[in-house]
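See structure below.
The values are calculated or read from the model by the stated rules, or taken from the named source; none is laboratory data. It should be emphasised that the depicted structure is a prediction, and the values quoted were computed from it without experimental measurement. No Cβ is skipped: glycine too gets one built from the backbone with ideal geometry, and neighbour counts run over all protein chains shown.
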């Protein structure tokens with residue numbers, strides 16, 4: 001991974017940090033939806049227009065990231081390896097709760113020199129669809145509807161008005177898209193395009209460009 | 001036990017770090033004997049993919065047969081079948097799994113079957129050249145699909161490893177290898193390879209193969225993903241095999 005550098009407003013070189021971002025996670029009746037914008041900024045410079053901020057951890061698990069890209073990518077890779085090892089040893093896929101706990105433990109173990117990562121871990125397991133939000137120090141909270149990053153106040157505006165607990169993914173996807181779209185319009189640190197992943201008992205799936213275009217219309 | 005074919009054990013088998021006058025490491029050879037007592041496993045690598053099959057030796061009616069102890073998944077694209085001391089097997093299987101993930105973390109690619117086998121062979125070799133430890137009493141067949149195609153590797157207590165097109169280890173190994181030598185072809189489809197594997201286990205079981213007594217896993221060259229065959233799938237294959245064999 002190359003080092004991305006640019007001069008921030010204060011004249012100092014800043015590294016690739018996704019504080020400027022919008023991520024969303026919602027729990028639906030039949031699954032979880034996780035969406036992010038794809039702009040990576042360094043100060044006012046748009047460092048990357050199609051940055052990946054939502055990842056599959058396993059067939060049934062996903063994670064959105066915000067914060068330092070290097071820290072986030074490392075944690076994603078470690079989580080992926082551990083999800084596999086768990087599956088092979090225990091014979092069942094890693095529960096969402098356990099994946100979230102593992103992530104929290106990794107973050108807390110760097111408590112005094114923190115990993116700059118704010119994550120949403122979501123998935124579908126034996127207990128149904130679940131979502132967890134984590135902060136850089138390793139706090140873990142279970143959520144029904146959550147947004148992180150500089151665009152989150154705007155996203156919450158849409159979600160609070162329109163998202164209802166108990167909705168199905170089909171109903172909720174357009175609402176999530178609306179929320180991300182609004183955030184991208186009014187938060188300069190979010191924009192360019194968005195990624196949206198849906199996890200149901202069928203597995204993890206990211207919407208194609210065609211589907212996303214259709215939703216924005 | 002064919003002890004007569006060995007030189008008189010005497011002083012040369014008490015410590016593994018000692019060679020006998022005729023250049024043998026007796027403890028390592030004795031460990032191979034343990035493998036020969038294990039339940040039979042076999043692997044077949046062909047164009048259709050890789051098949052791993054095991055004889056399920058049930059020692060008691062009280063045993064929960066859903067517990068896996070012969071065939072293990074190592075990574076998405078690799079499986080392993082073991083013969084010998086199952087306690088030793090778990091250690092090396094766990095280590096293989098860790099190596100496979102660590103390779104992914106280091107190089108962002110799936111580990112090649114040969115490299116994985118080499119790493120495990122290195123561990124086994126270490127335990128033959130160290131004070132106070134004993135060799136691992138197992139042989140492992142690693143089967144998987146990597147950039148070189150369908151691959152099957154065998155490793156033994158000394159840490160040596162070899163590539164095979166098809167191979168069998170354990171108590172029925174010799175008999176099965178005769179059959180494999182006669183009937184193996186590189187261009188077998190996955191289905192044909194599974195049926196051949198069933199034929200081999202049937203031979204070991206003296207013609208009494210049934211779904212309870214055999215375990216099969218495949219890595220098809222189409223999907224490149226390890227998959228255990230379920231009870232129904234195995235029953236179907238066994239019926240197919242029996243029909244073809246005129247039973």
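Give, as residue ranges, the strands (runs of 3 or more DSSP E) completely inside the stretch A:45-114 that count at least 3 residues that are within 14 Å of another protein chain (Cβ to nearest Cβ).
Numbers: elements: A:45-48, A:54-58, A:61-67.
Output list reads A:54-58.
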Failed item, numbered, when residue B:114 is tested on (1) more than 21 Å from residue A:89 (Cβ to Cβ); (2) more than 15 Å from the chain's Cα centre (by Cα); (3) not in a strand (DSSP E or B)
(2)
Under the condition of being touching a helix residue (DSSP H, G or I) at 6+ places or on another chain (Cβ under 8 Å) and without any contact (Cβ under 8 Å) to a residue 60 or more places away in the chain, which residue from the stretch A:105-124 is surrounded by the most Cβ atoms within 10 Å (Cβ to Cβ)?
A:119
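Specify the residue that is nearest to the other protein chains (Cβ to nearest Cβ); the eligible residues are those in the stretch B:59-75 that are modelled with pLDDT of 95 or more and under 15 Å from residue B:229 (Cα atoms). Explain how you work it out, then say what you get.
Step one: list which residues in the stretch B:59-75 are modelled with pLDDT of 95 or more, which gives B:71-75.
Those still in the list that are under 15 Å from residue B:229 (Cα atoms) too: B:71-73.
Numbers: B:71: 12, B:72: 7, B:73: 5 Å.
So the residue we want is B:73.
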Residues of the stretch A:88-101 being at pLDDT 95 or above and out of contact with any helix residue (DSSP H, G or I) (no Cβ under 6 Å at 6 or more places or on another chain), which ones?
A:95, A:96, A:97, A:98, A:99, A:100, A:101
Can you tell me how many residues within the stretch A:31-50 are more than 20 Å from residue A:178 (Cβ to Cβ) and surrounded by 19 or more Cβ atoms within 10 Å (Cβ to Cβ)?
4
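If only one of B:45, B:39 is away from every other protein chain (no Cβ under 14 Å), touching a strand residue (DSSP E or B) at 6+ places or on another chain (Cβ under 6 Å), assigned to a loop (DSSP other than H, G, I, E, B) and under 26 Å from residue B:226 (Cα atoms), which one is it? Steps first, answer last, please.
Values: B:45 fails: assigned to a loop (DSSP other than H, G, I, E, B).
Just one listed residue meets the conditions, B:39.
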I'm told residue B:33 meets every condition in (1) surrounded by fewer than 19 Cβ atoms within 10 Å (Cβ to Cβ); (2) in contact with a helix residue (DSSP H, G or I) (Cβ under 7 Å, 6 or more places away or on another chain) except one. Can you identify the failing condition by its number?
(2)
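Taking the stretch B:101-111 as the search range and keeping residues that are surrounded by fewer than 18 Cβ atoms within 10 Å (Cβ to Cβ) and assigned to a loop (DSSP other than H, G, I, E, B), which one is farthest from the other protein chains (Cβ to nearest Cβ)? Can you show your working first?
Keep residues of the stretch B:101-111 that are surrounded by fewer than 18 Cβ atoms within 10 Å (Cβ to Cβ), which gives B:102, B:105-109.
Going one step further and asking which of them are assigned to a loop (DSSP other than H, G, I, E, B), we end up with B:108-109.
Numbers: B:108: 8, B:109: 12 Å.
Only one residue fits best here, namely B:109.
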Residues being surrounded by fewer than 16 Cβ atoms within 10 Å (Cβ to Cβ) and not in a loop (DSSP other than H, G, I, E, B): count how many of those fall in the stretch A:133-176.
10
Only one of these is touching a residue at least 60 places away in the same chain (Cβ under 8 Å) and over 21 Å from residue A:208 (Cβ atoms): A:38, A:74, A:64, A:21. Name it.
A:21
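Scan the stretch B:76-87 residue by residue and report those that are assigned to a strand (DSSP E or B) and away from chain A (no Cβ under 11 Å).
So in the stretch B:76-87, the residues assigned to a strand (DSSP E or B) come out as B:78-84.
Those that are assigned to a strand (DSSP E or B) and away from chain A (no Cβ under 11 Å): B:81, B:82, B:83, B:84.
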Identify, please: which residue in the stretch A:81-101 is within 17 Å of the chain's Cα centre (by Cα) and crowded, with 19+ Cβ neighbours inside 10 Å and is, among those, farthest from residue B:105 (Cα to Cα)?
A:96
Tell me yes or no: at least one residue of the stretch A:89-104 is out of contact with any strand residue (DSSP E or B) (no Cβ under 9 Å at 6 or more places or on another chain) and touching a residue at least 24 places away in the same chain (Cβ under 8 Å).
no
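What do you reckon, is residue A:127 without any contact (Cβ under 8 Å) to a residue 24 or more places away in the chain and surrounded by fewer than 21 Cβ atoms within 10 Å (Cβ to Cβ)? Spell out how you get there, then give the answer.
Working: without any contact (Cβ under 8 Å) to a residue 24 or more places away in the chain: no; surrounded by fewer than 21 Cβ atoms within 10 Å (Cβ to Cβ): yes.
It is false that residue A:127 is without any contact (Cβ under 8 Å) to a residue 24 or more places away in the chain and surrounded by fewer than 21 Cβ atoms within 10 Å (Cβ to Cβ).
Could you list all residues from the stretch B:78-87 that are surrounded by fewer than 22 Cβ atoms within 10 Å (Cβ to Cβ) and out of contact with any helix residue (DSSP H, G or I) (no Cβ under 8 Å at 6 or more places or on another chain)? Spell out how you get there, then give the answer.
Step one: filter the stretch B:78-87 for residues surrounded by fewer than 22 Cβ atoms within 10 Å (Cβ to Cβ), giving B:85-87.
Hits for the stretch B:78-87 are B:86, B:87.
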